[in-house]
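One structure is given here, and the rest of the page talks about it.
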Amino acid sequence: MAVIWYPYLSVTMNNNMDSVAQIKFKNIPFYEVIDEVIKPTLLTGTKKCTLQDVPRGMKEATFNFNMSDEHAHLVAGSRYYSHGKYETSYQFQIRMCQLIEPVPNESPDDRPLSLQIRVNMQNCPLPPTQQGFELRRTATPINCTENVELSSIDGNNNIAIYWTPDTKKYVFAMFFVKKLTVDTLMKKLQDQDRISSEHTKDYIIKSYSNVDQDLATISHRLTLVCPLGLVRIKIPIKSIHCNHLQCFDAKTFILMNEKKETWLCPICNKLCLFDDLKIDSYFLEVVSSTTLDESNIEILADGTWRAVEETINPRDDDEAGTSSEQGVVIEID
């Protein structure tokens, strides 16, 4: 019997494997990856799905992994009761993304249509669907810890993934992660390098030097009220990629992204990733001043500041945060 070899198919499969090996999932600040349990793997699936009463053409892929004693002890020792159920600080996390070529630096989470996941024959909770149709929104990592067998005697675990194929290719992986608290992220911010007072002061002086002399006497006004929580800023931060002086409160920003991740600057609406955030030492000195009771300051041409008694609402119409900088027209770039 003759064997037919399809060289194009072989090359395509090898190229896919090379691309999958390059995949790096998008970093999520609230999770620290401890271990890679199942490496990124292209979802191919069987021709026949073993689930009952599912649409025709649905595919199935199965994976196995063994539980280590170390992982089992970490999960068991990190359980706590919260909001009516048990949670764990250490988790087994499933992530899926599209295989896009060329492979980007970071791949955001995504998922195929009609996705179902079972770990040890138990359904994993997934983001909800509406009226039988899949919600088209950015997928999130899937915590399957409650379904994982932690016994050191029988540490073998089975994962079954079911989905309806479309024109896209998807990659599956599993990680052992530690969930980080807001306080942990705050400590990270406080321990890392900051924007120095000298840098900000020089920036202010240079900005004033580029202003038309007719406008040079006009003040540059900033608010000390965070545009997110409308409370006094305690730890002023901004992204290293932002071109404005106005800062916002670190803890309020992180808390809001814990509830719903957007990581957008509340001042200029640009992408503002956690790794790009820095505490501004100049404004930290301002908000820490024991003699400052006012909520607004004027920035002067020599880089110094003074309190302003007038109150400015940082959410007045289009004047949210940036309005405080409109005392003088300065292009800060």
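From most to least packed by mean Cβ count within 10 Å, the peptides 274-287, 102-115 give 274-287, 102-115. In terms of accessible area, using a 1.4 Å probe and ignoring ligands and nucleic acids, D193, D166 rank largest first as D193, D166. With every protein chain left in place and a probe of 1.4 Å, what is the accessible surface of F248, to the nearest 10 Å²? Number for this one is 0 Å². In order along region 187-200, the Karplus-derived 3J(HN,Hα) couplings, from 6.51 cos²θ - 1.76 cosθ + 1.60 at θ = phi - 60°, round to 5, 4, 4, 6, 8, 8, 4, 10, 6, 6, 4, 5, 4, 5 Hz, and Gly and Pro are given as x.
Between Q190 and D293, full extension at 0.36 nm per residue minus the direct alpha carbon distance yields a gain of 34.6 nm. Residues whose amide H comes within less than 5 Å of that of F25, counting only those at least five positions distant or on another chain, are S107 (H built at 1.01 Å from N in the peptide plane).
Rounded, prolate or oblate, given the Cα gyration tensor of region 44-90, with a/c below 1.5 counting as rounded?
Oblate, since a/c reaches 1.5 and b/c is not below a/b.
D18 sits among other residues whose Cβ lies under 15 Å from its own Cβ, and their net charge, with Lys and Arg +1 and Asp and Glu -1, is +2. Could you list, in their original order, any pairs among K187/K234; K59/K260; K201/K260; K39/K251; K39/K179 whose Cα atoms are separated by more than 25 Å? With Cα atoms farther than 25 Å apart: K59/K260; K201/K260; K39/K251. Sequence-ordered 3J(HN,Hα) estimates for region 233-248 from the Karplus curve with 6.51, -1.76 and 1.60 and θ = phi - 60° stand at 5, 9, 10, x, 9, 6, 7, 5, 9, 7, 9, 9, 7, 4, 10, 9 Hz, glycine and proline given as x. Per atom type, region 47-114 shows carbon and sulfur on 47% of its accessible surface, probed at 1.4 Å.
The values are calculated or read from the model by the stated rules, or taken from the named source; none is laboratory data. In this text the structure is predicted, and so the values were computed from the model without any measurement. Using ideal geometry, Cβ is built from the backbone for each residue, glycine included, and neighbour counts are taken over all protein chains shown. SASA here: full protein model, heavy atoms, side chains in, ligands and nucleic acids out. Shrake-Rupley method; radii C 1.70, N 1.55, O 1.52, S 1.80 Å.
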